[in-house]
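Input: a single structure, listed below in structure tokens.
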Amino acid sequence: MTDSKGYFDLSKNRLSRRTALKGLAAGASLAAAPGFVRYAQAQSSAPIKIGFQSHRTGIGAAYGRWYEKTTAAAVKAINAAGGINGRPVEVVIEDDGTDPGRGAEVVAKFANQHKTDIVFGTLFSHVVIGSAPAAGENKIPYFVVSEGHHVASTKLNRYVFQPGITDVKSQIQAMAPWIASNAGKKVCQIFPDFAFGYDHRDYLPPALKAQGGEVIAQIAIPPTESSFTKYLPQIPAETEVIYHVMVGPAVLTFVKELGEFYGSNRPQLFGFIDSLEAVDINSPGLEFLDGSHFWEGSPRYAQADDSEAQKAYRAAVGIDDNGAAVGDPKDVSTAAHMFGCWETLYVVKKAMEDAGYKGPEDRAKLVEATEALTEFAEGPEHPQGKKIFNGKIHQCFGIQNISKVEGGKLKVVHKTSIEDGLYEPEGDYTTQAL
Amino acid sequence: MAFGPHLLLASLEGLVTAAVLALTALGLSLVFGVMRIVNVAHGEFFMLGAVLAWAITTAITGHPALGFLAALVIAPLLVGAVALVAERVVLRRLNYNPEATIVATIGLLYIIQQLALTFYGPEARPVEPPFNYRILLPWFGYSGYKLSVVAASALLLVATWLVLTRTKIGMVMRATQYDRETAQAFGIPVERVYAGVFALGAMLAAVAAVLIVPISQAHYLMGQDPLLLSFIVVIIGGLGSLRGTVVAALIIGLSDGIISVFFSPTLAKIIATFLVAMVLVFRPQGLFGTTAR
């Protein structure tokens, strides 16, 4: 064997059994060392885990199903484009039963058992309010898609964000001028008797008053109610507009009974599409809504002036021009809200990239990076439209659509501007300790 | 709105509630009276009736009345069959033990509810009424279908009463209710009577649901309210008493309608619950019930 010739030739440098064993032992102990492998993977390829608090059962189940579809579509798009910070995104779903108590448990489970990076996706306001303390205690960022005013009210805590959908107070303020000048000035409000309804109860009267209108009656209806005729006599005879916000399965009954009560001689109707999300607008009994107006976050029916981003988003989520699932026209989506899941995930992506987010130890950095965001441009990541974000109150503000029921479809007749919906912040989350 | 028409509307609403409630509660009362079983899953049989009514009316095309009539016949039969199976494989295995069957029917409640969620889905789905006729009163309009529900329910109640008091099957049921062991000694097939009564109870709930579903859609959680109200009615009327059930359903239905129109629905519920408490304190066997033997 000539060393001078074969020294650098690895093929000739035989591995002795002793070296091999040593190497094996070293490798094994390294692999077994606690934390080492996980850390190495977290640096490279371990997925970012998003805990999705989903309303799979309970009164929010129809919303939950479409929130899941939208989230899956957004995650697929994000992963196809390289994930977040080069890491794939993985969604862990837990059902909260649309129940506040269960919601808090789910948040704690995400933080302690699944050890997800964030919690995301809650819609119903009472679940958000019930779960927020758990997010604060576990110091886990909690990104909700709820539209309630509770986040922006700064009554929750620093870990709760709503960067994907405008809150109700802003929506109402933006739409009040249109209601007062187009529908009528004497308004009777019908709303559900819980948190989400109270946002409407509290913010519509001042917003209308500023436009020369007036709320002449407020009728609160228990969320479990199944028959409404008995409430209808409370609507004053001089009412020009009935402003209705209903949630839950009974809304079809509500509309039907309103129709039976009034016949063709009805006041103007202005409603929040929340009532009819996941419900076919052409269901029997809903003919009465023809010609009435609705708020929509994002339009259910494809509009003539839809942007390319909007079209791409609809295709990715899998809804057709009527806002129903592609291939199943009866499976109507919750289009007016679910875009918020898509947009929120892109906000999370942006904030994680800004923070150089590596793992749960960086959660505080993620909170600060989210608070530092100021606006989101319209585009594939924000197909509903441009938004501005106020980091002090953790709330975004976007445009709102007012749509008219015409020929069995919803047609957008008015778009508000972002400025219409801005209000003075009621507090500042950034002064709270992390 | 003036007081007169307001009261009329309230009474009409109350009557509809009472009519459906009487049918549902009668089923619950029958099962308790004859079998001494507190059927917690009763509301789910109600829900099942509504969900099946939706399935049947969607499957049958043509005039909505056709599908509705088919649902009115088929849905209760299917629900009755489900109840029969439940009776065979669950209640009979537990020897109709009162405590064990409460737990078992709670289990049944969740099984039926979750199966409905899995196969029917979380949405509320409407069923078209067999006819759309709006009765135009001088002060307000009212649904003609709602009034027909009251009539149909009254007919069904009379039919049930005739079966119980005028037929041999009814006599056998009453004999079993009166004294199970003596009935058995006289050759009455008590277990078959039990099976039949359990199915009949479920079918009554299902019929009530088919009647109400064109007014309030089919939804997988819709069984909870009828269950609670049925218990209230049955406790006030006296468990196992048909007359008591009907009278209590009228009281609860009308008071619910009138109080919730003039005051608030919450107050109506408070008063109903208060009535139950008072009945339990002063007349535990209910208004028309007999003391347990």
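The values are calculated or read from the model by the stated rules, or taken from the named source; none is laboratory data. Quantities reported herein were computed from a predicted structural model and do not represent experimental measurements. Every residue, glycine among them, receives a Cβ derived from its backbone with ideal geometry; neighbour counts consider all protein chains shown.
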Among the residues of region A:201-223, how many are touching a residue at least 40 places away in the same chain (Cβ under 8 Å) and either in contact with a strand residue (DSSP E or B) (Cβ under 8 Å, 6 or more places away or on another chain) or closer than 26 Å to A:GLU257 by Cβ (or both)?
-> 1
The one condition in (1) among the hydrophobic types (A, V, I, L, M, F, W, C); (2) crowded, with 22+ Cβ neighbours inside 10 Å; (3) at pLDDT below 95 that B:ALA83 fails to fulfil | (3)
If you check B:ALA202 against the conditions, is it surrounded by 22 or more Cβ atoms within 10 Å (Cβ to Cβ), aliphatic (A, V, I, L, M), within 14 Å of another protein chain (Cβ to nearest Cβ) and not in a loop (DSSP other than H, G, I, E, B)?
-> no
Just checking, how many residues over region B:107-140 are small (Gly, Ala, Ser), on the phi < 0 side of the Ramachandran plot and at pLDDT below 85?
-> 1
Scanning region A:211-238 for residues that are buried (at least 18 other Cβ atoms within 10 Å of the Cβ) and in contact with a Pro (Cβ under 7 Å, 6 or more places away or on another chain), which turns out farthest from the other protein chains (Cβ to nearest Cβ)?
-> A:VAL215
Could you pull out the residue among A:VAL187, A:VAL255, A:VAL247 that is under 31 Å from the mean Cα position of the chain (by Cα) and at pLDDT 90 or above?
-> A:VAL187
Select from region B:136-154 the residues that are facing chain A (nearest Cβ under 8 Å) and surrounded by fewer than 14 Cβ atoms within 10 Å (Cβ to Cβ) and list them in ascending order.
-> B:LEU136
Assess whether B:ALA100 counts as being small (Gly, Ala, Ser) and in contact with a Phe, Trp or Tyr (Cβ under 8 Å, 6 or more places away or on another chain).
-> no
For region B:224-293, list the helices (runs of 4 or more DSSP H) that sit wholly inside it and hold at least 1 residues that are among the charged types (D, E, K, R), free of Cβ contacts under 8 Å to residues at least 24 places away in the same chain and within 30 Å of B:ILE112 (Cα to Cα); which are they?
-> B:265-282
Selection from region A:46-85 of residues that are assigned to a loop (DSSP other than H, G, I, E, B) and without any contact (Cβ under 8 Å) to a residue 40 or more places away in the chain = A:ALA81, A:GLY82, A:GLY83
Working only within region A:249-307, note down all residues that are assigned to a helix (DSSP H, G or I) and within 23 Å of A:VAL413 (Cα to Cα).
-> A:VAL255, A:ILE273, A:ASP274, A:SER275, A:LEU276, A:LEU286, A:GLU287, A:PHE288, A:LEU289
Do you know which residues across region B:90-135 are more than 9 Å from every other protein chain (Cβ to nearest Cβ), surrounded by 14 or more Cβ atoms within 10 Å (Cβ to Cβ) and among the charged types (D, E, K, R)?
-> B:ARG92
With the condition kept exactly as written, say whether any residue in region A:100-116 is within 14 Å of chain B (Cβ to nearest Cβ) and of a type in the set (S, T, N, Q).
-> no
Could you check, for region B:141-161, whether at least one of its residues is closer than 19 Å to B:GLY240 by Cα and without any contact (Cβ under 8 Å) to a residue 12 or more places away in the chain?
-> yes
Identify, from the list A:SER170, A:SER226, the residue that is touching a residue at least 12 places away in the same chain (Cβ under 8 Å), assigned to a loop (DSSP other than H, G, I, E, B) and either more than 30 Å from A:HIS382 (Cβ to Cβ) or of a type in the set (Gly, Ala, Ser) (or both).
-> A:SER226
For residues in region B:8-42 being hydroxyl-bearing (Ser, Thr, Tyr) and more than 11 Å from B:SER230 (Cα to Cα), which is surrounded by the most Cβ atoms within 10 Å (Cβ to Cβ)?
-> B:THR17
Only one residue in A:LEU276, A:LEU289, A:LEU258, A:LEU252 is touching a strand residue (DSSP E or B) at 6+ places or on another chain (Cβ under 6 Å) and within 14 Å of chain B (Cβ to nearest Cβ). Which one?
-> A:LEU289
